[in-house]
Amino acid sequence: MRPLLDSVEISLGPARLRLEPLEPWVWQEASLMAPGPASLCLELLALARPRWQGVASARQATPPPIAANLAALPAAALDPLLKALCPPWLTLREQAELLALERYLLALADYPGLDCAACQDQEDRGEGHAGCGACPRPTPPPEAQPALALYPLLGSRPGAAHWFQGLSPRRARLLAMRLALIERLRPGRRGGQGLPPAETA
């Protein structure tokens, strides 16, 4: 089972448990089949490649994090473990990034709009749609730059799935969501001004 992104560390008293969070489709499916939260936690831990520090047996040796030893974890560890093992589809940061991309695309679709007094005066005089060069052009959120640069290439090259190779499942899904948002809201889809050229480093 492939991990989401980076591993996370959980403090369990003096012990530190590091594991790799799972894709939602993994833990949601497992949660429907598990007889209870403890069984679910043990099943998911086996998929999350756990590693730990500060754990010792009666012989003071560090036991391996195998199923039998994981089952001996205290019941108080159940809640923090399940929260780490079962992350949501999108984190709050990822939700904010997608919202920023949506706002950028909507602003770009309306650009230049009525963003300055000169544009407003031009509209009021009946001189047609404003096109004032003084209007500040919307800038894309930094996190969306890879998707904005990739989007024009996907329409002209067959087999676009190879662009997602090497990405973790979570990164691939987030990239796909950004590309879908660009497809749905891209400027110029009705013949108007399209996306500006992608910035190059």
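Just so it is clear, none of the values below were taken in a lab; they were calculated from the coordinates. From a predicted model like this one, the values you see are computed outputs, not experimental measurements. Cβ: placed from backbone, ideal geometry, glycine included. Neighbour counts: every protein chain shown.
Taking 0.36 nm per residue of sequence separation and subtracting the Cα-Cα distance, how much length would be gained by fully extending the chain between residue 25 and residue 175, in nm to one decimal?
52.3 nm
Could you tell me the calculated FRET efficiency between residue 7 and residue 185, based on Cβ-Cβ distance and R0 = 22 angstrom, to the nearest 0.05?
Given R0 = 22 Å and the Cβ-Cβ separation, E is 0.05.
Please report the net charge: other residues with Cβ closer than 9 Å to the Cβ of residue 50, K and R +1, D and E -1.
Once positives and negatives cancel, what remains is +2.
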